Amino acid sequence: GMEVMGNTLFAISVDFIRGYDLTTAEEVMEIEVTNASFLNGMGNNGIDKLYVTDFGAGRILELDVSDLSNPIVSTVVNNTGTTPNGIVVDGDNNRAVFVNWGMNAPIIEMDLDTYELNTLTNTGLTNCDGIDNDSFGNFYVSSWQPTPRITRYSDNFSNSENISAPGLSSPADISYAQSTDTLAIANSGNDNVTFIYF
């Protein structure tokens, strides 16, 4: 998992989360997450908070990075009841939305005030990996089975459609560049990146 917020690139490294200055490339933050099982996806609110999924422990973490010299991590969901993977913050609806591993993997929203969970849809897909959103309220999800694909969902997840994306191989994290309407998909199966230009 990686996220850019402000002038800092945040990256997961095993049980550490590190921050790097985008101008100097120097490390400006490091925090070890106690009892981390498998830190995986990461999203941000654009201001001061990161949200991280712990794939192995089934929990959601919140990381306050308003002071890079003293980041504060807390567990906001102890048990999702799933295996959470990619996560994105939807500020317009005051929620974080995360996808999950496994069969008929659900997409779940977390209220950013109460941290309550609500299942948005059961996808019918197996092994959902990454999620991101565009500037029009749509969400994009990568999944491995029944065939590797990218699915676009409406903002309330009531409508979905497959997006043509040749060359996918175990598509993992994805990132939507809203300024250029470009979706980038990291393929863990062939070490390539697929770009879709909308």
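The values are calculated or read from the model by the stated rules, or taken from the named source; none is laboratory data. All of these numbers come straight from a predicted model, not from anything done at the bench. Glycine also receives a Cβ, built like all others from the backbone with ideal geometry; neighbour counts cover every protein chain displayed. These area figures cover heavy atoms from the full protein model, side chains too; ligands, DNA and RNA do not enter into them. Shrake-Rupley method; radii C 1.70, N 1.55, O 1.52, S 1.80 Å.
See the values below:
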{"quantity": "From THR80, THR53, residue being in contact with a strand residue (DSSP E or B) (Cβ under 6 Å, 6 or more places away or on another chain) and of a type in the set (S, T, N, Q)", "calculated": "THR53"}
{"quantity": "Filtered residues of region 1-14 (kept if open to solvent by 40 Å² or more (accessible area, probe 1.4 Å) and within 15 Å of PRO71 (Cα to Cα))", "calculated": "LEU9"}
{"quantity": "Leading residue by the ranking (farthest from ALA172 (Cα to Cα)) among those in region 35-76 that are free of Cβ contacts under 8 Å to residues at least 24 places away in the same chain and of a type in the set (Ser, Thr, Tyr)", "calculated": "SER66"}
{"quantity": "Selection from region 154-176 of residues that are surrounded by 13 or more Cβ atoms within 10 Å (Cβ to Cβ) and either among the acidic types (Asp, Glu) or under 15 Å from the mean Cα position of the chain (by Cα) (or both)", "calculated": "ASP155, PRO171, ALA172, ASP173, ILE174, SER175, TYR176"}
{"quantity": "Any chance LEU22 is of a type outside the set (Asp, Glu), surrounded by fewer than 15 Cβ atoms within 10 Å (Cβ to Cβ) and over 13 Å from the mean Cα position of the chain (by Cα)", "calculated": "yes"}
{"quantity": "Count of region 183-198 residues which are open to solvent by 80 Å² or more (accessible area, probe 1.4 Å) and farther than 14 Å from PRO166 by Cβ", "calculated": "2"}
{"quantity": "Which numbered condition THR121 misses (of (1) within 19 Å of ASP173 (Cα to Cα); (2) surrounded by fewer than 20 Cβ atoms within 10 Å (Cβ to Cβ); (3) of a type outside the set (Phe, Trp, Tyr))", "calculated": "(1)"}
{"quantity": "Yes/no for ASN104 being in contact with a Gly (Cβ under 8 Å, 6 or more places away or on another chain), within 30 Å of ILE31 (Cβ to Cβ) and open to solvent by 60 Å² or more (accessible area, probe 1.4 Å)", "calculated": "no"}
{"quantity": "Every residue from region 60-75 that is open to solvent by 30 Å² or more (accessible area, probe 1.4 Å) and either in a strand (DSSP E or B) or within 23 Å of ASP92 (Cα to Cα) (or both)", "calculated": "ASP64, SER66, ILE72, VAL73, SER74, THR75"}
{"quantity": "Options ASP90, ASP132: the member that is acidic (Asp, Glu), in contact (Cβ under 8 Å) with a residue 12 or more places away in the chain and in contact with a Ser or Thr (Cβ under 6 Å, 6 or more places away or on another chain)", "calculated": "ASP132"}
